[in-house]
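The values are calculated or read from the model by the stated rules, or taken from the named source; none is laboratory data. Bear in mind the structure is a predicted one, so any value in this text is a computation, not a measurement. Virtual Cβ from ideal backbone geometry, glycine too; neighbours counted across all protein chains shown.
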Amino acid sequence: MSEHVSEALFELRGVSQSYIKRVAAFLDTVDFTLHRGDTCAIVGASGSGKSTLLNILGLLERPVAGRVGFAGQDVMTASADALARWRNRQMGFIFQAFNLLPRLSALDNVGLPLLYRHQSRSVARELALQKLDEVGLADRAGHFPADLSGGQRQRVAIARALVGQPSLILADEPTGNLDQACANDILELLLDLNRQQQVTLVMVTHDTGLAARFARRVEVVDGHLRECGEHVAA
Ligand code: ADP
Ligand code: MG
C-alpha cells in the first residue's frame with residue numbers, strides 16, 4: 001500500500017476478478033480510491049461487474065488479484081473474523097430486494113444487528129425505534145414487512161443499516177424496486193445522512209438521474225473503471 005493509505009477509506013490497486021479460469025476477467029486490473037465522507041455512484045451495463053465491485057468494497061468477496069486496503073488495513077491478508085468485524089462495526093448494507101425478515105416487525109428487523117452484537121433486547125429496541133423515527137417510520141414500528149409499501153420497506157432496511165452507527169453505507173440498486181417518487185425520497189434520505197452525519201455513501205444504480213446527484217460517478221466498462229464527474233480518480 002502507498003504511504004497515503006491511512007487517508008483513504010478504500011484503496012484498490014490492480015484488482016481483477018473473474019469466476020471462471022481462462023475466461024476474461026470482468027474486473028481487469030482496476031485502481032480505485034475512495035475517501036471518507038465521499039458519495040460515489042457506480043453505474044454500468046447489466047453484468048458489467050457493479051455488484052462485484054460493491055461486494056469487494058463490502059469485504060464480502062476477495063478479488064483473484066490485486067490489493068485491497070480498507071481504513072489502512074490490508075484486506076487480502078486479514079482473517080475472516082477481522083473482515084466480519086469490520087463489516088459489522090463499520091458498514092451498513094442496503095439491497096434492492098430490501099432483505100427484511102418477514103416474521104419480524106419493523107422494529108425487530110431494525111434491532112437485529114444489535115442483537116448480533118450482544119446488546120440487550122431493550123437497548124436494541126430503544127435504538128431501533130430512534131432509527132425508525134429518523135427515517136420517518138416510528139408509527140410503523142409494530143408493522144410486519146408485508147404490511148408496508150416498497151418505499152417503507154426500504155426505509156426500514158435503511159434504519160437497519162444505520163442502527164449500528166456505520167461510517168459507510170453500501171447500497172446495491174436500493175431504488176430498483178421503487179417508483180420514481182419513492183426512489184427520489186430514498187436518495188434524499190441517503191444524501192442527508194452523508195451531509196448531516198458524514199456517512200460515506202457508495203451506491204450502485206443504473207438511474208443516471210440519481211447518479212448525477214453524487215459527488216463521484218464511476219462507470220464499469222469492459223472491466224475498467226471510468227470516472228465521470230468533476231472529481232478525478234486518485
Ligand atoms: P452487475 O451488478 O453489473 O450486473 P455483477 O457484478 O453481478 O454485474 O456480475 C459481473 C459478472 O460476473 C457477470 O458476468 C455475472 O454473470 C458474473 N458473476 C457474478 N457473480 C457470479 C458468481 N458467483 N459466479 C459466477 N459468475 C458470477
Ligand atoms: Mg448487480
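Does segment 13-30 contain any residue that is more than 16 Å from ligand 1 (Cβ to nearest atom), farther than 27 Å from Ala211 by Cα and at pLDDT 95 or above?
Checked against the condition, which is being more than 16 Å from ligand 1 (Cβ to nearest atom), farther than 27 Å from Ala211 by Cα and at pLDDT 95 or above, segment 13-30 yields no hits at all.
Does segment 161-218 hold any residues that are among the polar types (S, T, N, Q), touching a Gly at 6+ places or on another chain (Cβ under 6 Å) and closer than 21 Å to Leu148 by Cα, and which are they?
Asn177 - this is the single residue of segment 161-218 that is among the polar types (S, T, N, Q), touching a Gly at 6+ places or on another chain (Cβ under 6 Å) and closer than 21 Å to Leu148 by Cα.
Which ones in segment 51-74 are touching a helix residue (DSSP H, G or I) at 6+ places or on another chain (Cβ under 9 Å) and within 30 Å of Val156 (Cβ to Cβ)?
Answer for segment 51-74, where residues must be touching a helix residue (DSSP H, G or I) at 6+ places or on another chain (Cβ under 9 Å) and within 30 Å of Val156 (Cβ to Cβ): Gly58, Leu59, Leu60, Glu61, Phe70, Ala71.
What is the number of the single condition among (1) closer than 16 Å to Glu227 by Cα; (2) modelled with pLDDT of 95 or more that Gly49 does not meet?
(2)
Looking at segment 72-82, is at least one residue modelled with pLDDT of 95 or more, surrounded by 18 or more Cβ atoms within 10 Å (Cβ to Cβ) and away from ligand 1 (no atom under 12 Å from the Cβ)?
Yes, segment 72-82 contains a residue that is modelled with pLDDT of 95 or more, surrounded by 18 or more Cβ atoms within 10 Å (Cβ to Cβ) and away from ligand 1 (no atom under 12 Å from the Cβ).
For Leu27, all conditions in the list (1) touching a Gly at 6+ places or on another chain (Cβ under 9 Å); (2) closer than 22 Å to Ile169 by Cβ; (3) more than 16 Å from ligand 2 (Cβ to nearest atom); (4) not charged (D, E, K, R) hold save one; what is the number of the exception?
Result: Leu27 passes all but (3).
In the set Arg89, Arg13, Arg62, which member is of a type outside the set (A, V, I, L, M), touching a residue at least 12 places away in the same chain (Cβ under 8 Å) and part of a strand (DSSP E or B)?
Within the list Arg89, Arg13, Arg62, the selection yields Arg13.
Whether any residue in segment 37-56 is in a strand (DSSP E or B), farther than 21 Å from Pro174 by Cα and either over 18 Å from the mean Cα position of the chain (by Cα) or within 16 Å of ligand 2 (Cβ to nearest atom) (or both) is what I want to check.
Within segment 37-56, not a single residue is in a strand (DSSP E or B), farther than 21 Å from Pro174 by Cα and either over 18 Å from the mean Cα position of the chain (by Cα) or within 16 Å of ligand 2 (Cβ to nearest atom) (or both).
So, Leu104, is that one touching a Pro at 6+ places or on another chain (Cβ under 9 Å), surrounded by fewer than 17 Cβ atoms within 10 Å (Cβ to Cβ) and of a type in the set (A, V, I, L, M) or not?
Considered against the rule, which asks whether it is touching a Pro at 6+ places or on another chain (Cβ under 9 Å), surrounded by fewer than 17 Cβ atoms within 10 Å (Cβ to Cβ) and of a type in the set (A, V, I, L, M), Leu104 comes out as yes.
May I ask you to verify whether Arg62 is surrounded by 14 or more Cβ atoms within 10 Å (Cβ to Cβ) and of a type outside the set (Ser, Thr, Tyr)?
In short, yes.
Would you check which residues across segment 92-129 are in contact with a Gly (Cβ under 6 Å, 6 or more places away or on another chain) and at pLDDT 95 or above and list them?
Within segment 92-129, Ser105, Ala124, Arg125, Ala128 meet the criteria.
Please specify each residue of segment 125-177 satisfying the condition of being part of a loop (DSSP other than H, G, I, E, B) and among the acidic types (Asp, Glu).
Within segment 125-177, Glu173 is the sole residue that qualifies.
Condition check: within 16 Å of ligand 1 (Cβ to nearest atom), part of a strand (DSSP E or B) and in contact (Cβ under 8 Å) with a residue 12 or more places away in the chain. Does Ile94 satisfy that?
Considered against the rule, which asks whether it is within 16 Å of ligand 1 (Cβ to nearest atom), part of a strand (DSSP E or B) and in contact (Cβ under 8 Å) with a residue 12 or more places away in the chain, Ile94 comes out as yes.
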